[in-house]
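The values are calculated or read from the model by the stated rules, or taken from the named source; none is laboratory data. Note that the coordinates shown come from a computational prediction; the quantities given were computed from them, not determined experimentally. Positions of Cβ are generated from backbone atoms using ideal geometry, with glycine treated the same way; all protein chains shown enter the neighbour counts.
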Amino acid sequence: MEVNETALDFRRYTCEEVDSWDTDERYELIDGELYLVATPRRVHQEISMELSWQFNNFLRGKSCKVYYAPFAVYLYDDNSTKVEPDIVVVCDKSELSDEGLRGAPDLIIEILSPSSLRHDKITKFNLYLNAGVREYWIVDPENKTVSVNILQNGEYTAKSYTETETVSVNVLEGCQIELKYVYE
């Protein structure tokens, strides 16, 4: 998802305020700071569709669900943070509402875009780590790689995969994602 690398202004907002706006623009809110979400590029959408499809096929008939952007994730109860990850996997359906998810999903995938590199690799990395997201993938279309970050003892342990490899999803036993289809 492409976002403005810097907050739009210095005012602090709440999720309720942002959700009440009558606009076609999409925003993320991190610790009260507002970020505009840009329209993704074609390759971003192709990767998102393939990953969503592979996850959906694996999860068919199982208790976990996959959701793709736009899908609101309210990470904290303090009304200051709302993100729209490219893909999320949710296994605790009690946290789902009509508005999205309240709490940390089991897995988040962000697909890098030129305008979101720093945001996804630093800001969101730390945000998801602190929120307790168990698995965070950073998909790099340019280099045709995926960095898989697994939460262990309060830290992420990272492993990188290339376009020809298969990724075993840590939070979904038996789930294998074939990157050759993601990057073909």
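Taking the options V133, V139, name whichever one is among the β-branched types (V, I, T) and part of a loop (DSSP other than H, G, I, E, B).
Exactly one of V133, V139 is among the β-branched types (V, I, T) and part of a loop (DSSP other than H, G, I, E, B), namely V133.
Go through Y35, Y13, Y76 for me and flag whichever is in a strand (DSSP E or B) and within 19 Å of K124 (Cα to Cα).
Y35
Residues checked against (1) out of contact with any helix residue (DSSP H, G or I) (no Cβ under 6 Å at 6 or more places or on another chain); (2) at pLDDT below 95:
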| position | (1), (2) |
| --- | --- |
| D77 | yes, yes |
| E99 | yes, yes |
| A104 | no, no |
| G132 | yes, no |
| Y136 | no, no |
| S147 | yes, no |
| E155 | yes, no |
| S160 | yes, no |
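Restricting attention to the range 37-72, report how many residues are under 16 Å from L96 (Cβ atoms) and touching a Pro at 6+ places or on another chain (Cβ under 6 Å).
Qualifying residue count for the region: 0.
Select, from S52, S115, the only residue that is surrounded by fewer than 20 Cβ atoms within 10 Å (Cβ to Cβ), outside any helix (DSSP H, G or I) and in contact with a strand residue (DSSP E or B) (Cβ under 7 Å, 6 or more places away or on another chain).
Of S52, S115, the one residue that is surrounded by fewer than 20 Cβ atoms within 10 Å (Cβ to Cβ), outside any helix (DSSP H, G or I) and in contact with a strand residue (DSSP E or B) (Cβ under 7 Å, 6 or more places away or on another chain) is S115.
I'd like to verify a number: residues in the range 126-184 that are in contact with a Lys or Arg (Cβ under 7 Å, 6 or more places away or on another chain) and acidic (D, E), how many?
Counting residues in the range 126-184 that are in contact with a Lys or Arg (Cβ under 7 Å, 6 or more places away or on another chain) and acidic (D, E) gives 1.
Being outside any loop (DSSP other than H, G, I, E, B) and among the small types (G, A, S) is the filter here; which residues of the range 58-72 pass it? Before the answer, list the steps.
Going residue by residue through the range 58-72, those that are outside any loop (DSSP other than H, G, I, E, B) are 58-59, 65-68, 72.
A72, the sole residue that qualifies.
From the residues in the range 83-115 that are touching a residue at least 24 places away in the same chain (Cβ under 8 Å) and charged (D, E, K, R), which one is nearest to E173 (Cα to Cα)?
Out of the qualifying residues, it is D106.
Looking only at residues that are under 11 Å from the mean Cα position of the chain (by Cα) and free of Cβ contacts under 8 Å to residues at least 60 places away in the same chain in the range 67-82, which one is nearest to V37 (Cα to Cα)?
Of the range 67-82, the ones under 11 Å from the mean Cα position of the chain (by Cα) are 67-73.
So of that shortlist, the ones also free of Cβ contacts under 8 Å to residues at least 60 places away in the same chain come out as 67-68, 70-73.
Working: Y67: 17, Y68: 14, P70: 10, F71: 12, A72: 12, V73: 14 Å.
Ranking the candidates gives P70 first.
Restricting the first residue to the range 20-45 and requiring it to be in contact (Cβ under 8 Å) with a residue 60 or more places away in the chain and under 16 Å from I111 (Cα atoms), which pairs with a second residue that is part of a helix (DSSP H, G or I) and not acidic (D, E) meet a Cβ separation below 9 Å and a spacing of at least six or different chains?
Cβ pairs passing all conditions: P40/S48.
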